[in-house]
Amino acid sequence: MKYMNRFLIVSTFSLLMLAAEAFGSTANVSITQSGTAVGNCTTNVQTPAFFNSAANWGSGASQIGPGTTILICGTFTGAAGATEFQFNGSGASGSPITLLFDSGAILTAPYWSSNGAISCSGKQYIVIDGGTNGLIQNTANGTSLTYHQSSFGVNGQNCPHTTVKNLTVQNIYINQGSSSSATDTAGLYTADINFAGSSTGVTITGNTVSSAKIGISVSADPNADASNVTVSNNTISDMDWGITVSGGDSGDTMTNVLISGNTITNWANWQFPTNTYHQDGVIVYNQGSTNIETVTFTNNYIYGDLGVGSPTGFIYCSTSTSCQFYNNVLVNTGHAIYGIVWINNPNCGNHLYNNTIVGLSGDFGLTIGNLTCPQSLGTMVVENNIFSGPNVGINDYGSLTADMSVSNYNVFRNAAGSAPSMSTNDGTYLTWATWKGNGFDANSNSNTPNLNGSYRIASASGGAYQTGTNLTSLGLTALNTDKAGIARPTSGAWDIGAYEFTTSVPAPSGLTGTVVP
């Protein structure tokens with residue numbers, strides 16, 4: 001009994017220490033819908049009204065301020081068009097305000113407002129953490145449902161230095177646009193997670209989002225900065241655009257945007273009407289003279305069928321300068337599209353290194369549009385990529401041979417088992433021999449890349465195995481390991497594509513869940 005008591009004391013102390021670490025050191029608050037204890041919300045239990053009252057925010061001992069963690073527990077059932085949690089103050093650098101979901105916590109409403117179920121608008125240094133299984137959902141918003149309203153799960157208008165992580169956001173709008181006779185446009189202004197305006201330093205990571213026009217949206221519009229943004233390791237499905245990063249006017253600035261490790265699929269319900277929706281996995285675009293620079297796409301897995309409505313590409317990048325692609329696996333399994341990767345507008349310094357692009361015979365693997373940068377600035381560099389399936393490897397709406405700086409050490413193999421054509425001016429086709437005669441892909445091949453069902457190199461043979469160039473000298477940390485986290489050699493040939501060949505794939509430490517390519 002003495003040892004049992006000692007064990008209980010030590011265990012209780014450990015739990016209290018963990019709770020202290022979780023809740024920080026300032027006025028920590030528990031919130032349930034009724035204000036009574038639920039789950040781990042057992043001390044200082046309040047209702048959402050406490051959180052939503054500006055009087056309870058500040059630096060006082062009983063107020064919510066920098067360093068405070070607010071734990072929410074149980075089910076919160078909102079009225080149609082409501083916002084459940086509205087931040088009324090900001091955290092500080094190194095001391096954010098955290099809204100943390102207890103295990104099983106749910107925010108549910110017929111539809112949450114266009115201000116979001118959670119809104120941090122006008123505030124900064126915020127963390128919204130779904131914990132183990134935090135959930136935000138609508139229950140009655142969609143084509144054949146009661147409501148047809150604009151709605152967001154999490155919304156931040158001018159909410160810089162904010163992190164949204166570990167949340168599930170679902171059913172924000174259940175669209176039924178798989179038929180060409182579909183007419184519903186009410187889902188146009190819906191998103192699972194939405195940030196607009198000043199969004200510098202926003203991080204959106206580890207979330208599972210579905211059933212909205214946009215899975216995750218970050219926009220600098222209007223007249224704001226949205227630089228140093230990271231959208232990583234999210235699982236996104238049943239949407240028109242998986243991820244969008246955009247600017248709308250000359251006052252917008254977006255630089256150093258990282259889109260990494262996301263899994264995106266399923267556009268079936270958002271194909272029609274075509275004048276409202278067009279399908280993309282990731283779309284980065286600027287309008288007018290918006291300054292969007294240096295967008296990097298790494299380790300993403302985007303797969304499935306964009307459909308026959310108005311598809312654009314698995315990744316569409318239209319910026320002022322510099323679209324960078326490393327270690328992405330992009331797999332079209334449905335209808336042909338005119339650019340699995342599509343780079344548009346006056347870009348300089350675009351690079352595609354070690355991507356695996358798998359498509360259909362009618363696909364264009366890479367499409368280039370309207371480049372105006374001189375070749376000397378490195379308009380397009382394409383190295384160590386697998387293009388498997390498309391009958392057109394690279395298509396250019398301008399002059400391909402003028403726009404391309406370097407294309408080499410790639411595998412180009414079409415569905416018929418031979419080298420694809422390249423096309424220019426949307427109608428002139430260059431044979432493989434003609435293309436190589438123009439000084440491109442001297443060290444590339446059209447042999448089978450020998451991929452398995454996970455789009456990894458199946459054995460130490462084939463066109464992708466140890467036929468790439470070593471790019472260590474570029475000094476790109478994201479490129480020096482492959483999509484599975486395996487280090488590429490510092491000397492000697494690299495394998496072509498997103499994965500280095502290995503006889504075993506090491507499991508990430510400390511993680512559980514389904515392994516995806």
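Read-outs throughout are calculated quantities, based only on the coordinates presented, and are distinct from any laboratory measurement. These numbers come from a predicted model, not from an experiment. Cβ coordinates were reconstructed from backbone atoms using ideal geometry, including for glycine residues, and neighbour counts include every protein chain displayed.
At-a-glance table
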| quantity | calculated |
| --- | --- |
| On Cα atoms only, tilt of 2-23 relative to the major axis of the chain in degrees | 70 |
| Only Lys, Arg (+1) and Asp, Glu (-1) charged, at Cβ; the chain dipole about Cα centre in debye | 1040 |
| Cβ-based exposure ranking for 123, 165, 213, in which fewest neighbours within 10 Å come first | 165, 123, 213 |
| Matching label, P(r) over Cα pairs in 20 Å bins from 0, in percent computed from the structure shown, candidates (1) 18, 44, 27, 11, 1; (2) 24, 59, 17, 0; (3) 22, 50, 24, 4, 0 | (3) |
| Cα lying deepest toward the dipole's positive end in segment 215-313, options 257, 237, 219, charges on Cβ | 237 |
| Point-charge dipole on Cβ atoms (K/R +1, D/E -1) for segment 182-257, about Cα centre, debye to 20 | 160 |
| Centre separation in Å (Cα based) which lies between segment 137-190 and segment 404-445 | 42 |
| Evaluated over segment 430-499, the Cα radius of gyration and Dmax, each in Å | 13.6, 37 |
| Furthest towards positive pole of dipole, 406, 29, 381, structure part the chain, Cβ charges | 29 |
| Exposure proxy ranking, count of Cβ atoms within 10 Å, fewest first, for 161, 148 | 148, 161 |
| Non-local Lys pairs in the chain, i.e. 8 or more apart or on different chains, that have alpha carbons under 29 Å apart | 5 |
| Debye log10 I(q)/I(0) for segment 39-138, one point scatterer per Cα, at q = 0.10 Å⁻¹ | -0.25 |
| Within segment 349-468: Cβ-based charge dipole about Cα centre, in debye rounded to nearest 20 (Lys, Arg +1; Asp, Glu -1) | 300 |
| Stokes-Einstein diffusion coefficient of segment 146-280, Kirkwood radius over Cα pairs, 4 °C, 1.567 mPa s, in µm²/s | 88 |
| For the chain, calculated [θ]222 nm from helices alone, where every DSSP H run of n ≥ 4 adds -39500 (n - 2.57) | -2000 deg cm²/dmol |
| Order of 257, 382 under a 10 Å beta carbon neighbour criterion, fewest first | 257, 382 |
